[in-house]
Amino acid sequence: MMRLNLTRWIAALHLGVCFLVSNASAQEKPFRPEAGKFPPLAQAHGFRGELTFVDHANRRGSLRIQGEGNYFRNAPHPFAMLPYGVIRYQGAQAGLRDIPIGTVLHARGFLPPDPKLSSVPVLPVNNRNKTAGYSGKGIAPAENHLILLEDEPSFCQREGKVWKLQEVELQNFAGKIVARREPKIGGTKAEEETLTFDAATRIWRGREKLEVADLIADGIWPASGKKALKDQAVLLGITWKPTPSNIFTRFHISDIWLDDVAMQRAAHNQTETHKAFIRTRWMPGWIDAVEYGKFGTATITATLFGGMDESLYADFKKGAHAQMNAVESNLKHTHGAYSPAHMASKGQILEVTKIKGEIPLGSSGIQIHFKTDLIIEGIRPGRNIRVRPSHWPNVNIPREEYLGDNNPLERFPSPAIFPRY
Amino acid sequence: MIRIQFVIGCAVLCLGAVLLTVPVSAEEKPFRPVAGQFPPLEKAHAYRGELVFVDHANRRGSLRVEGSGKFYRNDPHPFAMLPYGIVRYHDAPVDLRDVPLGTVLHAHGFLPPNPKISAVPVLPTNNKDKDAGHYRGTGIFPAENHVLLLEDEPSHCRRKGLIWKLMEVEIKGNEGSILARREPQKKNEKKYEPENMTFDAATRIWRGRESIRISDLINEKIWPANGKKDLSDQTVLLGITWKPAPGDGLSGTFTRFHISDIWLDDKSIEHAAYFQTEKHNAFIRSRWMPGRVEEVTYGKFGRATVTATLFGGMDSTLYDDFKKDVGGQINGAENTLKHTAGHYGPGHMASSGKIIRVKKTRGEIPMGSSGIHVHFETDLVIEAIRPGRIVRIRPDSWPKMQIPREEYLFQNSPEARFPTPDIFPKY
């Protein structure tokens, strides 16, 4: 009996030690994205802020993140897009270059996958819980490697939400709107938010771009005073401006899309911009496997990154000729002085397979099997590539979008460009 | 007689020496803007390029400058706005942050006024004439990188009285090319070279207050779905960007610009200018009107009367707010127009007082200046409000607000006052 008790005690002690060790190791090793795996969105840290700086060639920039305190005091916080990170603007795919400075964006970020190679400052893992004076908590999260960056209408459409306008108050074509962001249909009532607008706010109705003055002239809004808007469902573009009267954080409405047609037209324009961009810069992806043959031949399995327009993926067909080039984590081509096609591996797409089940954000769920007779350095499992079906235009890309002379600073941009405040 | 000849000989020698010295010293001392003066626009070097990088907080960025070679190979070329430099977009005053990356801009630049504190790389003064090699040609990295005027295509056309005349469109699948000439609105006998530019399904077309696209023009039978159509010199304004054009690096089109926007009528460009003007008016009201101190007359116990020239290029409604006897504030600012203090709002440390006189310059007003001089009396003049220095002024009717962290200095960091060119990558 005593022996049994002793065994139980030892087992309990062992189990306890195991729990302690696993907790400690969980604390010591916080989650970081791993090479070759798309990290689950559910594990990302979510925050939002105003875009204040863009280095689009290196897929990085800065956001002024909304925290608990005085918003204006929050220093721009550097972020980098993960290679498979998705950017959306006006309900469509976008590059960082497409987003106007000042746009308020929703971000989902992770700790740097490899801090040694981070192109933005590496911060203590618990930084998002630290209080920064009057700025409050949450303004400088260490989760600065983003898998998703989207503006307000993109965020709302992904989450099935709209802004329901409660009341407008205006004078001299400027004023405030009280609104709630909540599910389009059903759901619980959300908190009311007060946002400002002014004469520069663009109002989109069908294919019309209206001024606040037009709504007043049409008798839809009063010239001055208040009007109840009875839960009018719209989508909003949101920016930030300094606010008088010691208001810590109040966002500003840059755009109002009054109907679906107006939003769809904006999305169409951005989609076409991005499609032309990807066709000239090639579809990004990563290498899952390489089977080497003789005399430089190889069969490569690659997963195409996600978030693009369907028509681009449709161009990857069995039997199609294509080219594949190595790229860096910032998706810069490793060669390009004579166009990326000059050094890229040529070959044929042998097979296109689609992953069944849930596709993680960042992935398209599409794998291509590509056979080349001359594989170049850089096309190795875990590395990033760009692929071009041969009917996409063969163009020269601008100087800042490819590497030259194998300069380590170009391959691994330093965080030194970000000012310290 | 010998003495006279000697004197004449000396005079001729002296004149020759002077004549020789003038070109040498002109070569040694090329024109640079001088503190306290607005440099004449005609002395600026003009070029155009694609906006590829913006550091709006320091009023600088990079342009891919059009030269004589292959455009795509041209490294982004850093530029800094002069404190009184004007940026225009959609025919309205703007801040650099308002200009989308990719926009092709016309620039008028000077050599750095003071190379020691240049926020962008200082280059040999004859750099604009050098062949950059690697098929890039000449003119792609001028030393005249301190810009007095930066304007997009429609702003450039409206300022110069120019218009684009569309000659022919060739289209297939919502994309194609347009042949057009940029020429003066007023007819003259001169022949202007046509330019071939691309467009695609993302090109925005503005008609009155409508935002339409290529497919709408096709549906309305204005453009064909496929093939060519003569456009008979239709007058429009164009927004211009750049996109890579097909070719293998040695062949193909070296430089072909792309049409981002077409304004079909005056109402549509005026509509665009209205939105941008309103945005900029709100911006200046919250950041204050920039200007330069001309003179300070000191009184007793910190009192002073400051004469300042307001910088130009703003909407006239902003200047109208500077009136005699109106209360206001004046704050020190840097060449980047950053406020020198702002942790509790620029109004916290600024000199408060009253505008005692507003004077307008008669005659031609140089670019950069508004021609408006404000005489401002304060009972406590702060450091930095000195002749030649940059200031920002706010009439009391403008809202008193906090400005974002990157737009003011704090703890007197020299790096924040004088940003170094280190952030610009070397290619």
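The values are calculated or read from the model by the stated rules, or taken from the named source; none is laboratory data. Since this is a predicted model, take the numbers as computed values, not measurements. No Cβ is skipped: glycine too gets one built from the backbone with ideal geometry, and neighbour counts run over all protein chains shown.
Values as computed for the structure displayed
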{"quantity": "Top-ranked residue of the range B:395-427 - restricted to ones that are of a type in the set (D, E, K, R) and in contact with an Asp or Glu (Cβ under 9 Å, 6 or more places away or on another chain), ranked as farthest from the other protein chains (Cβ to nearest Cβ)", "calculated": "B:Arg417"}
{"quantity": "Of all residues in the range A:51-69 being more than 7 Å from chain B (Cβ to nearest Cβ) and farther than 24 Å from A:Leu331 by Cα, the one that is surrounded by the fewest Cβ atoms within 10 Å (Cβ to Cβ)", "calculated": "A:Glu68"}
{"quantity": "Residues of the range B:66-99 classified as surrounded by 24 or more Cβ atoms within 10 Å (Cβ to Cβ), closer than 16 Å to B:Asn127 by Cα and either at pLDDT below 95 or within 12 Å of another protein chain (Cβ to nearest Cβ) (or both), total", "calculated": "3"}
{"quantity": "Qualifying residue in the range B:193-200 (condition: β-branched (Val, Ile, Thr) and out of contact with any strand residue (DSSP E or B) (no Cβ under 7 Å at 6 or more places or on another chain))", "calculated": "no"}
{"quantity": "Some residue of the range B:178-192 being of a type in the set (Asp, Glu), more than 10 Å from chain A (Cβ to nearest Cβ), under 16 Å from B:Pro154 (Cα atoms) and in contact with a strand residue (DSSP E or B) (Cβ under 7 Å, 6 or more places away or on another chain)", "calculated": "yes"}
{"quantity": "Test: B:Gly139 is at pLDDT below 95 and within 19 Å of the chain's Cα centre (by Cα)", "calculated": "yes"}
{"quantity": "Number of positions in the range B:313-331 that are among the aliphatic types (A, V, I, L, M) and in a loop (DSSP other than H, G, I, E, B)", "calculated": "2"}
{"quantity": "A:Gly357 vs. criteria free of Cβ contacts under 8 Å to residues at least 24 places away in the same chain and farther than 22 Å from A:Ala80 by Cβ", "calculated": "yes"}
{"quantity": "Residues located in the range A:223-277, provided they are among the aliphatic types (A, V, I, L, M) and without any contact (Cβ under 8 Å) to a residue 60 or more places away in the chain", "calculated": "A:Ala223, A:Ile247, A:Ile256, A:Leu258, A:Val261, A:Ala262, A:Ala276"}
{"quantity": "Contacts under 7 angstrom Cβ, first residue in the range B:39-54 being under 11 Å from B:Pro366 (Cβ atoms) and more than 11 Å from chain A (Cβ to nearest Cβ), partner at pLDDT 95 or above and in a strand (DSSP E or B), 6 or more apart", "calculated": "B:Pro39/B:Phe110; B:Pro39/B:Leu148; B:Leu41/B:His108; B:Leu41/B:Leu148; B:Leu41/B:Leu149"}
{"quantity": "For B:Leu310: the one exception among (1) crowded, with 22+ Cβ neighbours inside 10 Å; (2) touching an Asp or Glu at 6+ places or on another chain (Cβ under 8 Å); (3) over 13 Å from B:Ala384 (Cβ atoms); (4) not charged (D, E, K, R)", "calculated": "(2)"}
{"quantity": "Residue list for the range B:91-143, restricted to those being within 12 Å of B:Tyr47 (Cβ to Cβ), in contact with a Gly (Cβ under 8 Å, 6 or more places away or on another chain) and part of a loop (DSSP other than H, G, I, E, B)", "calculated": "B:Gly139, B:Ile140, B:Pro142"}
{"quantity": "Extreme residue, nearest to B:Val147 (Cα to Cα), among residues of the range B:326-378 that are surrounded by fewer than 19 Cβ atoms within 10 Å (Cβ to Cβ) and among the hydroxyl-bearing types (Ser, Thr, Tyr)", "calculated": "B:Thr361"}
{"quantity": "Hits in the range B:387-427 - residues which are among the acidic types (Asp, Glu) and touching a Gly at 6+ places or on another chain (Cβ under 9 Å)", "calculated": "B:Asp396, B:Glu407"}
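Results for (1) polar (S, T, N, Q); (2) surrounded by fewer than 16 Cβ atoms within 10 Å (Cβ to Cβ), shown as yes or no for each residue.
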site: B:Gln185; (1), (2): yes, yes
site: B:Asn188; (1), (2): yes, yes
site: B:Tyr192; (1), (2): no, yes
site: B:Glu195; (1), (2): no, no
site: B:Ala201; (1), (2): no, no
site: B:Ile205; (1), (2): no, no
site: B:Ile212; (1), (2): no, no
site: B:Leu217; (1), (2): no, no
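So that you can scan it fast, the table gives a plain yes or no per residue for (1) under 22 Å from the mean Cα position of the chain (by Cα); (2) surrounded by fewer than 22 Cβ atoms within 10 Å (Cβ to Cβ); (3) touching a residue at least 40 places away in the same chain (Cβ under 8 Å):
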{"residue": "A:Ala322", "(1), (2), (3)": "no, no, yes"}
{"residue": "A:Met343", "(1), (2), (3)": "no, yes, no"}
{"residue": "A:Glu377", "(1), (2), (3)": "no, yes, yes"}
{"residue": "A:Arg380", "(1), (2), (3)": "no, yes, yes"}
{"residue": "A:Pro413", "(1), (2), (3)": "yes, no, yes"}
